[in-house]
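Asker: One structure follows; several queries about it will come next.
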Amino acid sequence: MFTLAIHGGAGTIPKNSLTPDREKAYLDGLNAALTAGEAILKAGGTALDAITAAVASLEDCPLFNAGCGAVFTHTGQHELDASIMRGDNLMAGAVAGVQGVKNPVLLARSIMEKSEHVLLSGAGAAEFARSQGLEFRDENYFHNDFRYQQWQQALKEDAIFLDHTVTDEKKFGTVGAVALDVHGNLAAATSTGGMTNKKFNRIGDTPVIGSGTYANNKTCAISCTGHGEFFLRAVVAYDISCLMEYAGMSLKQACEKVVMDKLVKLGGEGGLIAVDTLGNIELPFNSEGMYRGFLDSGGERGVMIYAK
């Protein structure tokens with residue numbers, strides 16, 4: 001038995017803001033990521049390899065705020081965050097504010113597997129990435145006209161936007177994946193470009209283990225997307241695991257409590273993807289929509305944007 005779930009961000013996503021062609025492009029991007037992870041799980045591969053492949057696929061798609069689709073900072077650059085965690089031994093790796101790395105999720109994994117650290121940042125993280133032979137790209141690779149216009153609008157209004165668009169669409173642009181493999185192991189990964197027009201090397205929940213990403217074979221694997229400051233304060237990913245381990249809640253109950261109750265009371269908007277040790281999937285969000293998808297070894301599969 002295996003299970004895989006992915007997300008490409010959550011938020012206010014008005015249906016009239018997506019043309020049929022653009023909606024199809026988003027769904028195609030989600031399907032491509034699912035297929036990348038599914039191929040590994042079907043072959044008996046690990047959850048860790050599957051989520052790495054799925055997130056890397058989303059990072060390579062310019063529609064999502066990660067990798068080549070990352071938003072612009074206040075100074076017109078791209079600062080990338082990512083994290084990864086395995087549920088069998090609680091090993092984790094993360095990177096914050098790195099520039100030029102094509103696939104930050106691969107860097108997070110290298111930090112987990114090839115260093116004695118969990119979290120690296122900025123120039124030091126880039127130096128480590130070079131030492132590991134990871135791919136770098138110049139600024140042209142990360143330049144996206146759609147993101148550029150978002151940045152220009154944010155500069156004009158002197159504001160920091162959560163993946164803002166001129167149509168007042170509000171998206172929390174993050175990508176992520178969680179999986180359970182045939183060996184019974186869980187894993188989770190998350191990647192983001194952060195906020196449009198972000199200043200002062202702002203870092204959200206994505207690279208913080210326990211807030212944006214968590215995996216534990218005793219409970220579940222979680223990847224979050226939302227207003228990072230609230231997810232940091234609520235320690236969302238770990239809170240769900242704790243409610244399962246110490247309060248005896250099911251995955252569904254824990255997700256409902258955290259996403260629909262605790263976060264809402266704080267004023268936090270967004271969602272997450274989750275899978276437990278039995279292969280149960282939860283995709284809760286308290287926003288208008290969330291780019292998401294899932295599949296399992298029984299043949300169930302779906303990609304969605306809006307609430308049902």
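Asker: Testing the spin-label approximation: label points 7 Å from Cα along Cα→Cβ at GLN153 and TYR141. State their distance in nm.
Answerer: 2.8 nm
Asker: When you take every Cα atom in the range 183-302, what is the radius of gyration, and what is Dmax, the widest Cα pair distance, in Å?
Answerer: 14.0, 47
Asker: Okay, next question. Using alpha carbon coordinates only, what is the Rg to Rh ratio of the chain, with Rh defined as the Kirkwood radius?
Answerer: Result for the chain is an Rg/Rh of 0.94.
Asker: While we're here: The chain: longest stretch without exposed GluC sites (Glu not before Pro) (DSSP loop, at most 13 other Cβ within 10 Å), sites themselves excluded?
Answerer: Values: sites that count: GLU116, GLU135, GLU300.
Excluding the exposed sites themselves, the longest stretch runs over 136-299.
Asker: Which whole-Hz couplings ³J(HN,Hα) result when phi for each residue of the range 28-38 is put into the Karplus expression 6.51 cos²θ - 1.76 cosθ + 1.60, θ = phi - 60°, listed in order with x for Gly and Pro?
Answerer: Once θ is set to phi - 60°, the couplings for the range 28-38 become 5, x, 5, 4, 4, 5, 4, 4, 4, x, 4 Hz.
Asker: In what sequence do HIS7, HIS78 fall when counting other Cβ within 10 Å, fewest first?
Answerer: Listed from fewest to most nearby Cβ atoms, that is HIS78, HIS7.
Asker: As a footprinting exposure proxy, order THR206, THR73 by other Cβ within 10 Å, with the fewest listed first.
Answerer: Listed from fewest to most nearby Cβ atoms, that is THR73, THR206.
Asker: So how strong a dipole does the range 10-155 carry about its Cα centre when Lys and Arg Cβ are +1 and Asp and Glu Cβ are -1, to the nearest 20 debye?
Answerer: 160 debye
Asker: Charges at C-beta only: +1 for Lys and Arg, -1 for Asp and Glu. How large is the resulting dipole of the chain about its Cα centre, in Debye rounded to 20?
Answerer: I would put it at about 240 debye.
Asker: Could I ask something else about it? Subtract the Cα-Cα distance of GLU113 and GLN77 from 0.36 nm times their separation in residues, and report this length gain in nm to one decimal.
Answerer: Full-extension gain reported as 10.1 nm.
Asker: Next question. Mind giving me the FRET efficiency for THR12 and VAL182? R0 is 22 Å, r the Cβ-Cβ distance, nearest 0.05 is fine. Intermediate results must be reported in sequence, preceding the final value.
Answerer: On the way: r = 38 Å, r/R0 = 1.73.
Efficiency at R0 = 22 Å is approximately 0.05.
Asker: To continue, here is another question. So what is the calculated 222 nm ellipticity per residue for the chain, using -39500 (n - 2.57) for each DSSP H run with n of 4 or more, over all residues, to the nearest 500 deg cm²/dmol?
Answerer: Numbers: 10 runs with 104 residues, N = 308.
So the helix-based figure for the chain works out to -10000 deg cm²/dmol.
Asker: Let me ask something else about it. Using Cα springs under 10 Å in a Gaussian network model of the chain, which residue among PHE142, PHE128, PHE72 shows the largest mean-square fluctuation?
Answerer: PHE128
Asker: Based only on Cα atoms, what Rg/Rh ratio does the range 46-109 have, Rh being taken as Kirkwood's radius?
Answerer: Here Rg/Rh amounts to 1.01.
Asker: Hey, if you put +1 on the Cβ of every Lys and Arg and -1 on every Asp and Glu Cβ in the chain, which of ASN216, PRO284, LEU58 ends up farthest toward the positive end of that dipole?
Answerer: Checking the options against the dipole of the chain, the answer is PRO284.
Asker: A follow-up question, please. When CYS255, CYS61, CYS220 are ordered from fewest to most other Cβ atoms inside 10 Å of their Cβ, what list results?
Answerer: Going from sparsest to densest Cβ surroundings: CYS61, CYS255, CYS220.
Asker: Just tell me which lysines come within less than 30 Å, Cα to Cα, of LYS252; anything on the same chain fewer than 8 places away is out.
Answerer: LYS15, LYS24, LYS42, LYS170, LYS171, LYS218, LYS262, LYS265, LYS308
Laboratory data are not the source of any read-out in this text; all were calculated from the coordinates shown. Keep in mind it's a predicted model, so treat the numbers as computed, not measured. Glycine gets a Cβ as well: all are built from the backbone with ideal geometry, and neighbour counts include every protein chain shown.
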